[in-house]
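Engineer: Have a look at this one before I ask anything.
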Amino acid sequence: MADKGQPHWSDVLKKRLANSNKDEKSEEEKKAEVTELFSKFYTEWRGGSSNDPSYKTIPRFYFKLPAEDEVLLQKLREESRAVFLQRKSRELLDNEELQNLWFLLDKHQVPPVNGEEAMINYEAYLQVGEKAGPKCKKFFTAKVYAKLLHNDPYGRISIMQFFNYVMRKVWLHQTRIGLSLYDVAGQGYLRESDLENYILELIPTLPQLDGLEKSFYSFYVCTAVRKFFFFLDPLRTGKIKIQDILACSFLDDLLELRDEELSKESQESNWFSAPSALRVYGQYLNLDKDHNGMLSKEELSRYGTATLTSVFLDRVFQECLTYDGEMDYKTYLDFVLALENRKEPAALQYIFKLLDMENRGYLNVFSLNYFFRAIQEQMKLHGQEPVSFQDVKDEIFDMVKPRDPYKITLQDLVNSCQGDTVASILIDLNGFWTYENREVLVANDNDAGNTADMDDT
């Protein structure tokens, strides 16, 4: 039994409820209290630098970029970056120092010669490092030596391989500095306009482009820059990391045009060569029947072998950037790069986006049927018996082997290494015919090879 001196629990509860109603604050009062607390703690945090000992040992690592209207700060930043890049450039080996390094390496080679290659052991390698000067010090480390050490029974490395390693490193740093000069933002990436300026100023230094007329320069620059951005900027952010440019082979292909004796075959296979750029631009002009500088869907339908399906072309004009329903040269370049490089992940991503009509991130049986129906219609127009979709669908799923047996994702296509074949089957009658008759084509190639062998005999 409850003590008579103690109040009943219900009375206590009623009293509490009455007091809580009296103390209830309005929304404005609550907001004011929150703001006051925030200001209090924020002020304490801002002023805590003098109290916390860690602030005395941790250096400042974030510096806010100057705003557009802060002209003086921007100029100061540009000048300081230019001075920094000049200092870095002076740290690199020049031609005379590289020649001196080669002379020292050749002088310290250690017999016996491995085939035709001169070799050097670790002891002689360190001696060359001491004589070569301070700029070469970073190349003469145990780590670099171990990288180049292969199966020599005497534990030596190839002098030529080491020298090529040094040359490659120097070239990479020179190119990094050269590209950084065009990095207006100073953030380690190039925008489209930055890369355009770089390539435009590079053209006079490439002998293989001597024959280009100046009126074509803008189209050449657009053609060259588009390849970098199509493959290195898949999210279409409008900028590329300088590190990514250096890591890919595109810059090597571009600078290969410095070789005055570059073979015709190499030029034809190099996207950046004059013949290749003129070929792509010439195709664009030939497709542009009304000569308005743009391509309509009807004009684009004549691309290549003129066997791309109308359904696929509809999707191209739905998804890609157009102007009053027509495609400009830049958009056309993306289209060409995708169709000419169907094995590449970036090209598959481009095509997959067009095939994925509902933006679900996967292709199902309905999607495959929708695109293959256009192939069947084209076959009828050419007087061919249409192939059953069920057979093609089963072959596609067998080729790709997706994780989900009812859905094909972009990653499934990339992992299967059959993405180019699947794309060709669904969008291009000529591509489907090539796949369907692959065994006959292989047999014909073998017969041609056997005939050639017999002729030789």
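Engineer: Would you confirm whether or not the stretch 37-44 contains a residue that is open to solvent by 100 Å² or more (accessible area, probe 1.4 Å), in the same structural domain as residue 137 (by the TED database) and at pLDDT 75 or above?
Structural biologist: Looking through the stretch 37-44, none of the residues is open to solvent by 100 Å² or more (accessible area, probe 1.4 Å), in the same structural domain as residue 137 (by the TED database) and at pLDDT 75 or above.
Engineer: Residue check: is residue 153 surrounded by fewer than 17 Cβ atoms within 10 Å (Cβ to Cβ), under 28 Å from the mean Cα position of the chain (by Cα) and of a type outside the set (D, E, K, R)? Full working, then the answer.
Structural biologist: Working: surrounded by fewer than 17 Cβ atoms within 10 Å (Cβ to Cβ): yes; under 28 Å from the mean Cα position of the chain (by Cα): no; of a type outside the set (D, E, K, R): yes.
The answer is no for residue 153.
Engineer: Residues 238, 178: which one is open to solvent by less than 70 Å² (accessible area, probe 1.4 Å) and more than 25 Å from residue 346 (Cα to Cα)?
Structural biologist: 178
Engineer: In this structure, is residue 88 of a type in the set (Lys, Arg), at pLDDT below 85 and surrounded by 10 or more Cβ atoms within 10 Å (Cβ to Cβ)?
Structural biologist: no
Engineer: Looking at the stretch 62-85, which of the residues that are of a type outside the set (D, E, K, R) and within 22 Å of residue 176 (Cβ to Cβ) is surrounded by the fewest Cβ atoms within 10 Å (Cβ to Cβ)? Steps first, answer last, please.
Structural biologist: Going through the stretch 62-85, the residues of a type outside the set (D, E, K, R) turn out to be 62-63, 65-67, 71-74, 76, 80, 82-85.
Okay, now just the ones that are also within 22 Å of residue 176 (Cβ to Cβ), so 63, 65, 80, 82-85.
Values: 63: 7, 65: 12, 80: 11, 82: 12, 83: 10, 84: 13, 85: 16.
Here the residue is 63.
Engineer: Only residues that are in contact with an Asp or Glu (Cβ under 8 Å, 6 or more places away or on another chain) and within 13 Å of residue 414 (Cα to Cα): list them for the stretch 316-346, please.
Structural biologist: Answer for the stretch 316-346, where residues must be in contact with an Asp or Glu (Cβ under 8 Å, 6 or more places away or on another chain) and within 13 Å of residue 414 (Cα to Cα): 342, 343.
Engineer: Here is a follow-up. Might you let me know whether the stretch 247-267 holds any residue that is exposed (fewer than 12 other Cβ atoms within 10 Å of the Cβ) and in contact (Cβ under 8 Å) with a residue 40 or more places away in the chain?
Structural biologist: Yes - at least one qualifying residue is present in the stretch 247-267.
Engineer: Out of the residues in the stretch 185-216 that are of a type in the set (Val, Ile, Thr) and surrounded by 14 or more Cβ atoms within 10 Å (Cβ to Cβ), which is nearest to residue 275 (Cα to Cα)? Before the answer, list the steps.
Structural biologist: Taking the stretch 185-216 and keeping what is of a type in the set (Val, Ile, Thr), we get 199, 203, 205.
Adding the requirement that they be surrounded by 14 or more Cβ atoms within 10 Å (Cβ to Cβ) leaves 199, 203.
Details: 199: 17, 203: 15 Å.
The selected residue is 203.
Engineer: Okay, moving on. Determine which single condition residue 130 fails, assuming it passes every other condition in (1) open to solvent by 50 Å² or more (accessible area, probe 1.4 Å); (2) acidic (Asp, Glu); (3) closer than 25 Å to residue 247 by Cβ.
Structural biologist: All conditions are met except number (3).
The values are calculated or read from the model by the stated rules, or taken from the named source; none is laboratory data. The structure displayed is predicted, hence computed values, not measured ones. Methodologically, a virtual Cβ is constructed for each residue, glycine included, from the backbone with ideal geometry; neighbour enumeration extends over all protein chains shown. All accessible areas refer to the heavy atoms of the entire protein, side chains included, with ligands and DNA or RNA removed. Shrake-Rupley method; radii C 1.70, N 1.55, O 1.52, S 1.80 Å.
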